[in-house]
Amino acid sequence: MSYVDGFVAAVPTENKAQYIEYAEMSAEMFKEFGALKVVETWGSDVPDGEITSFPMAVKAESNETVVFSWIIWPSKAIRDTGWQKMMQDSRMHPENCPMPFDGKRLIYGGFDLILDK
């Protein structure tokens, strides 16, 4: 059964073009290392909440847009190996590929796929 990595981040709105470039490069690498699919979305209707919300979770500021992304892998084992290769690859080193957002406010996690219709 497939395995999914999910991500939520706040990206400075003015960095949208840089984010897309970063996402395209990362997606190519994820697929090179075994991912089946990479999806990146740019928030257009992401309301603030009273108790919790995407913007609150990543401490989004008024000049930032929330992005929601996921990667589908064939299995957790392939995902673990893929991530290891990704982090060792010089293309991902900060000096070669700086993140166009504050990575300290990135929320991520791995999930077992339980429904896919």
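What value, in deg cm²/dmol to 500, does the helix sum -39500 (n - 2.57) over DSSP H runs of n ≥ 4 give at 222 nm once divided by the residues of the chain?
Helices in the chain give a 222 nm mean residue ellipticity of -9000 deg cm²/dmol.
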- Note on the structure: Honestly the stretch 1-61 on the Cα gyration tensor test (a ≥ b ≥ c root eigenvalues; a/c under 1.5 rounded, otherwise a/b vs b/c for prolate or oblate) is just oblate
- Message: Using a 7 Å offset from the Cα along the Cα-to-Cβ direction at both Asp89 and Ser2, what is the distance between the two label points in nm, to one decimal?
- Response: 2.0 nm
- Which of the lysines could a cross-linker bridge to Lys85, judged by Cα under 20 Å and excluding same-chain residues fewer than eight apart? Lys31, Lys37, Lys76
- Quick one: what does P(r) look like for the stretch 62-117 with 10 Å bins over all Cα pairs, in whole %? 16, 41, 34, 9, 0
- Specify the angular offset, from 0 to 90 degrees and rounded to the nearest 10, of the alpha carbon long axis of helix 76-88 from the longest principal axis of the alpha carbons in the chain. 80 degrees
- Task: Report the relative contact order of the chain, percent, no decimals, based on alpha-carbon pairs under 8 angstrom and at least 6 residues apart.
- Result: 48 percent
- Which parts of the stretch 55-82 would a label at Asp112 reach, counting a residue when its backbone N lies under 14 Å from a point 7 Å out along Cα-to-Cβ? 75-77
- Considering only DSSP states other than H, G, I, E and B, which trypsin sites (Lys or Arg not before Pro) in the stretch 2-79 qualify as loop sites with at most 14 other Cβ atoms within 10 Å? Lys59
- Span from the the stretch 1-28 Cα centroid across to the the stretch 32-78 one, whole angstrom: 8 Å
- Query: Mind checking the angle between helix 16-32 and the chain's longest principal axis? C-alpha axes, 0 to 90 degrees, to the nearest 10.
  - Reply: 20 degrees
- Query: Among Gln18, Asn96, Pro55, whose Cα lies farthest out toward the positive end of the dipole of the stretch 16-97, if unit charges sit on the beta carbon of Lys, Arg (+1) and Asp, Glu (-1)?
  - Reply: Asn96
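Here, each number is a calculation from the coordinates, and none is a lab measurement. Not measured: the values here are computed from a predicted model. Cβ sites come from the backbone with ideal geometry, for glycine too, and all protein chains shown count toward neighbours.
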